[in-house]
1. I want to verify the translational diffusion coefficient of the stretch 224-276 in µm²/s; compute it with Stokes-Einstein, Rh as the Kirkwood radius over Cα pairs, at 10 °C and 1.306 mPa s.
2. Pairs K127/K218; K117/K214; K351/K439; K117/K207; K105/K128; K207/K228: which exceed 24 Å Cα-Cα?
3. How many Å³ per residue does the convex hull of the Cα positions in the stretch 134-223 occupy?
4. Please compute the alpha carbon radius of gyration of the stretch 259-349, then divide it by the globular-protein estimate 2.2 N^0.38 Å. Two decimals is fine.
5. For D184, what accessible surface area do you get with a 1.4 Å probe? Give it in Å², rounded to 10.
6. I'd like the Karplus ³J(HN,Hα) series for the stretch 261-269: coefficients 6.51, -1.76, 1.60, θ = phi - 60°, whole numbers in Hz, and an x wherever there's a Gly or Pro.
7. Find how much the distance from L454 to Q263 grows on full extension, using 0.36 nm per residue of separation minus their present alpha carbon separation; answer in nm with one decimal.
8. Find the accessible area per residue for the stretch 77-255; the probe is 1.4 Å, ligands and nucleic acids are left out, and the unit is Å².
Amino acid sequence: MPYFTRLILFLFCLMVLVESRKPKRKRWTGQVEMPKPSHLYKKNLDVTKIQKGKPQQLLRVDEHDFSMRPAFGGWPQGCDVHFCLVSSRLPQDFTMTLYLRHYWKDERLAFSSASNKSMTFDGRLVKKIWVPDVFFVHSKRSFTHDTTTDNIMLRVFPDGHVLYSMRITVTAMCNMDFSHFPLDSQTCSLELESYAYTDEDLMLYWKNGDESLKTDEKISLSQFLIQKFHTTSRLAFYSSTGWYNRLYINFTLRRHIFFFLLQTYFPATLMVMLSWVSFWIDRRAVPARVSLGITTVLTMTTIITGVNASMPRVSYVKAVDIYLWVSFVFVFLSVLEYAAVNYLTTVQERKERKLREKFPCMCGMLHSKTMMLDGSYSESEANSLAGYPRSHILTEEERQDKIVVHLGLSGEANAARKKGLLKGQTGFRIFQNTHAIDKYSRLIFPASYIFFNLIYWSVFS
């Protein structure tokens, strides 16, 4: 029995061994196996495998001390600078986004290349080699973009020339002069300088002069138009450290005037013209003329306040202030003009009332006719017309500010005289109700304002 059991176990193990040696069938998975590439197809050459070692070893980074500038101890190292402006924003301080590119030669980075092609690296190699320590003078804030990685590019040529490019946003100070605002032109400058190296160690140059700055054609500013720009370079002296080479880029900006014409100048001019309407309103319409004058004064005050709220607080007078305050003076003078008219009218009526009380019998003379216009008597008419009964004279309460013409007419001559007098009654009434100051103001105010505008726009535009 034990022998038979051993035989069965031996046969079972033999069967398992035979089955394990047979090739297994692959189950269908629905995927088509790709054929192997034939010998006719060649793989693309991997440039990184051709080079022996890492790029740092190819450039012999570890063999030199890159904490010192190229050709240390010799002539000053030259560095060309190139600008590419992509966007800009200009309030009191200006903000620019640009590509800053440096060009220099470092023979320590020279390498042998059969194809004479350059090598391009990202910002990781920048920390291992020497680069110019350029900074922006008078900048308030600046940073290098890092989305999705640091926007830094380093390109090394076989002869040792280096191109170092970075994308920067800088906010710098611009000393703007608002004395001609908003008819002004501003000149702002961006300055570059080495922080550590004096002119004995590092010299900065513009690569192509004024052509070193290139701007994007799509750049547009909301308030300014870029007229021109030019580049210069000078030496800057610091008493504690010495002379440094500094690069300047100056650009001239012209402010757009159309927005301010719609929001400031045109409303102010309309308010001044509206204040002149009161000169054609009856001088007895006190509520109408006073309301119109106060409304225009308050509107001008609101315009001045709104303009000053959006402007930097400067201690000198701006061009827009001159226009608005002169317009305000014209509006205010129209209110004072009516105050003078109303006062003089009151004084005149008071004198006439006293005159009538002093000579009460003058209008009751025999063989005379009385003409009473606006509470005043015409002596020539009273002496030339025939008499009119005294009992028909109206009392003071009945003739308040009314024009009542008492005529005693008889015969054909008197009828013709009456007909001609009725025709000219309307024009005579206007003449009597219009004060002389109103008549002169209708001409003096518009003429003076037009003269002011001619001088203003000829001086500031």
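1. Numbers: Rh = 15.3 Å.
The Stokes-Einstein estimate is 104 µm²/s.
2. Details: K127/K218 34 Å; K117/K214 26 Å; K351/K439 22 Å; K117/K207 22 Å; K105/K128 16 Å; K207/K228 19 Å.
Violating the 24 Å Cα-Cα cut-off are K127/K218; K117/K214.
3. Details: hull volume 16.8 nm³, N = 90.
Value for the stretch 134-223: 187 Å³ per residue.
4. Working: Rg = 15.4 Å, N = 91, 2.2 N^0.38 = 12.2 Å.
In units of the 2.2 N^0.38 Å rule of thumb, it is 1.26.
5. Surface accessible to solvent at D184 totals approximately 10 Å².
6. Residue by residue, the stretch 261-269 yields 5, 6, 8, 10, 5, 5, x, 5, 5 Hz.
7. Gain in length upon complete extension: 66.7 nm.
8. Working: 9090 Å² over 179 residues.
For the stretch 77-255, the per-residue accessible area is 51 Å².
The values are calculated or read from the model by the stated rules, or taken from the named source; none is laboratory data. Note that the structure is predicted; figures quoted are calculated from it, not measured. To get the accessible areas, we keep the full protein, side chains included, count just its heavy atoms, and leave off ligands, DNA and RNA. Shrake-Rupley method; radii C 1.70, N 1.55, O 1.52, S 1.80 Å.
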